[in-house]
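K.L.:
My questions will all concern the structure given below.
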Amino acid sequence: MSRKNSEKIDAIADAIEQSMKKGHISTLILLSLEKGPSHGYSLMHTIKEDTYEVWNPTASSLYPHLSSLTEKGLIEFKAEMDGKREKKVYEITEKGRKTLKKLLERQQNMRKSLLSMIMSTIGLTNFSLPNDFEDLFGPDLIDDASLIGKTDDEKLEILTKRKLVLSKIVNKLENFVNEINQRIESLKKENK
């Protein structure tokens, strides 16, 4: 693939990723406020930290969502004076808690459907969706009913796809572990 095509693909993937992130910001705000009341700047920081900087909302992206959530009655705010400036401290409402619960249930269903799609892509069509991490990486991933009756070439293709997907998952998990280790070291240095 040429460098120019690779850059176009990266740009397309970046745009789709940004669109996906926009769709989750309201849920992240509600999750953050579930922990307790907060003002906008603190919410931006909490979301950035709690998502390992995957989401790094700016004021221009966060405040319209806060206004929308307020209009819908999912959050409310109290104006407090901070020196000469007024600061809004946001809090989740009961309606917001119920909506958050519903959003998290739907998010779980979306993750399951996405996982189902991934499993089908690597040839695990009769694979029941895992309830936890151990189920996902159990023996069914290596030798399952979908291999029965397949030619050796078909089995080789299916298992090669599985290996590729698992390698990518392992790589991603290693990156997460490295990021967590860096955060731990950073926190240890800050606390000295």
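The values are calculated or read from the model by the stated rules, or taken from the named source; none is laboratory data. Model, not experiment: these values are computed from the prediction. Here Cβ is always computed from backbone atoms with ideal geometry, including for glycine, and neighbour counts include all displayed protein chains.
K.L.:
Those residues that are in contact with a helix residue (DSSP H, G or I) (Cβ under 7 Å, 6 or more places away or on another chain) and small (G, A, S), I need them from segment 69-102; list them, please.
P.N.:
Hits for segment 69-102 are G73, G96.
K.L.:
Do we find a residue being loosely packed, with under 13 Cβ neighbours inside 10 Å, assigned to a helix (DSSP H, G or I) and over 23 Å from the mean Cα position of the chain (by Cα) anywhere in segment 47-65?
P.N.:
No - not one qualifying residue is present in segment 47-65.
K.L.:
Can you name the helices (runs of 4 or more DSSP H) wholly within segment 83-192 that have at least 1 residues being more than 20 Å from the chain's Cα centre (by Cα) and modelled with pLDDT of 70 or more?
P.N.:
Answer list for segment 83-192: 94-121, 152-190.
K.L.:
Any residue at all in segment 98-108 that's assigned by TED's automatic domain parsing to the domain that holds L30, closer than 18 Å to L31 by Cβ and touching a residue at least 40 places away in the same chain (Cβ under 8 Å)?
P.N.:
No, segment 98-108 has no match at all.
K.L.:
From the list T70, T46, pick out the single residue that is at negative phi, in contact with an Asp or Glu (Cβ under 7 Å, 6 or more places away or on another chain) and without any contact (Cβ under 8 Å) to a residue 24 or more places away in the chain.
P.N.:
Only one candidate passes the filter, namely T70.
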